[in-house]
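The values are calculated or read from the model by the stated rules, or taken from the named source; none is laboratory data. Being a predicted model, the structure only gives us computed values, none of them experimental. Backbone-built Cβ (ideal geometry, glycine too); neighbour counts: all protein chains shown.
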Amino acid sequence: MGALASRLVSIFPEDNYTVGRAQTLQPLFLGHLEAPIRDLIPGLEKALGATLSAGDRILTLLNLGVNAHFKVMASSDVAELEAWIEETPLDMKNWHRDLRGGVFLMAARQYSRALQGKTHVHDASTIFTDHEHDSTAYVEYLEHTASNPKRPKSIYLAMQMPVLTLYGHWSQAVELGELLLPMLSSLWCERLNYSVRYYLSLCYTATLRDEPQHARKGEMMQFVQDTIKLLETCCTVTDVNYRGWIHLLMAVLAEVQRDPPSALQNYEAAMDHSESNDFTLDEAFAHELYAEWLVRKKAYRAARHSLKDCVSTYRRLSAYGKANYVATKYEWLLHGGSSVTTMDVGVQTTIIDTGNTTFKLEQNEGQEHYLGAESAVDRTSNWIVPETGRRQESAQDLTNGFSAVGLDMLDLSSILESSQVLSSELKVDKLMAKMASIILESTGGTLCGIITEDSQIGWSIACVAANEPNSGFTAGVHSYPSGQPLDTVEDVLARQVTLYTLRFRETVFVQNLLEV
């Protein structure tokens, strides 16, 4: 049926409304029975584009809600999921009042917050309630607003079942599950239908484990077995989405029936399946139930290792509220019985300076005698002649006043001399002239100019210093107290390069600039 629907939709790809609606609902009702849940999310994101093109607000919200619902089922990071729900539907005003996709979004957001410990998780009646959301008031809103409140109410309450079970509210989860059973027909073949039965079966086995002579023992055992058969039917096409649930139910059922070998085998199978298929939440919960079984068997060392894996897996999902719940519940086991053969250590990383730089390692591959510590001459040469091919000859070309002291000492000398000039000269034009002379001497250049910006004439030349007559200026310092506009420079290339560097503050290297 799903393949037939997909072929019909592919015949009319230009009908955005039909494509968006079909590709949103097909994964919700049939897709989870045909393919891994994680593989269905890209298709939902593609359908979102069609719904946006159709311009239908209700359909777009429905797609966003189903997308969030699938992220929950795929064990996505709950912190990222909450942020996604907060940011994505911002353009949809009052999305939290929508009775279709808005219900999915609200339930997924509160589910994510509950696993992070942001809601009242210690009270089963308000497990979805926080400072922004009141679960009781929201259910009343659904009952009084929706024409058929059974469906949105079923979706919202069904999302509470996993959280109640994870936080150990067994009796309240049983009450809610039995309340939802007559309402599941409105969910048709959605995964929530099977999810409610799965978590209710887990709560039934927990109840029977605590009360072996429960008055409804036969009824509860039959319901668990019927749920396993129903989930086996869901594995007809692919067992990726439900095989882990089946193994976990068979494990807890074997524990109630006092069959330890079968329980051990199914616990391991449930953890392996969830881990290999990236169902992180199911993997963490399987670790937790397995550890509790080991504790009841007084296998404390094995239980401690399983609990550590459980806590780290919950944290990997950003379910810090649930991780802290487990750590607090079994604190006596995690910290009270640690082996004396282990100890906490600290590691200090030390950086060893070999004296080699990336430049020297690249330039001297295969020439070990060059791999010494880089000197000041090397740094100066590399700065003046950065080209790879001229590295060897640059050492003999350090003319124009450069010494082996290196640029670091040149900079210090320039700073000291500049400080003396600044403190001894008060007239700006003379100060600029002296600064140009200092720059020329420090860098070994042939021509130096200082340009200032004036609010009236714009960029202007304050002074020019030259030490060679062939640079275009007579040797010495030429000062322009009133400023010479840069536009009056006759050399077009020099003027354009100067304007470029002034505007964009970028280095421009032009070889033989004065000869161009």
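Numbers for the structure displayed
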read-out	value
Top-ranked residue of region 109-129 - restricted to ones that are of a type in the set (D, E, K, R) and over 20 Å from Ala284 (Cβ atoms), ranked as surrounded by the fewest Cβ atoms within 10 Å (Cβ to Cβ)	Asp123
Residue check, Asp278 touching a Lys or Arg at 6+ places or on another chain (Cβ under 9 Å) and either surrounded by fewer than 23 Cβ atoms within 10 Å (Cβ to Cβ) or of a type in the set (Val, Ile, Thr) (or both)	yes
Residue in region 149-170 that is more than 30 Å from the chain's Cα centre (by Cα), surrounded by 21 or more Cβ atoms within 10 Å (Cβ to Cβ) and either closer than 27 Å to Lys329 by Cα or among the β-branched types (Val, Ile, Thr) (or both) present	yes
Helices (runs of 4 or more DSSP H) within region 96-174 that include 3 or more residues without any contact (Cβ under 8 Å) to a residue 24 or more places away in the chain	135-145
Search result, residues across region 3-29 that are exposed (fewer than 14 other Cβ atoms within 10 Å of the Cβ), in a helix (DSSP H, G or I) and not hydroxyl-bearing (Ser, Thr, Tyr)	Ala3, Leu4, Arg7, Leu8, Ile11
Test for Gly102: is it small (Gly, Ala, Ser), buried (at least 16 other Cβ atoms within 10 Å of the Cβ) and touching a Gly at 6+ places or on another chain (Cβ under 6 Å)	no
One residue from Glu292, Glu275 being among the acidic types (Asp, Glu) and within 26 Å of Phe70 (Cα to Cα)	Glu275
Among residues of region 30-53, those that are more than 21 Å from Ile85 (Cβ to Cβ) and either out of contact with any helix residue (DSSP H, G or I) (no Cβ under 9 Å at 6 or more places or on another chain) or surrounded by fewer than 17 Cβ atoms within 10 Å (Cβ to Cβ) (or both), counted	3
Residue, surrounded by the most Cβ atoms within 10 Å (Cβ to Cβ), within region 175-192, restricted to residues that are touching a residue at least 12 places away in the same chain (Cβ under 8 Å) and closer than 17 Å to Asp226 by Cβ	Gly177
Helices (runs of 4 or more DSSP H) wholly inside region 249-361 containing at least 2 residues that are modelled with pLDDT of 95 or more	260-276, 280-296, 300-316, 320-329
Matching strands (runs of 3 or more DSSP E) fully within region 427-516 where at least 3 residues are modelled with pLDDT of 80 or more, basic (Lys, Arg) and surrounded by fewer than 17 Cβ atoms within 10 Å (Cβ to Cβ)	none
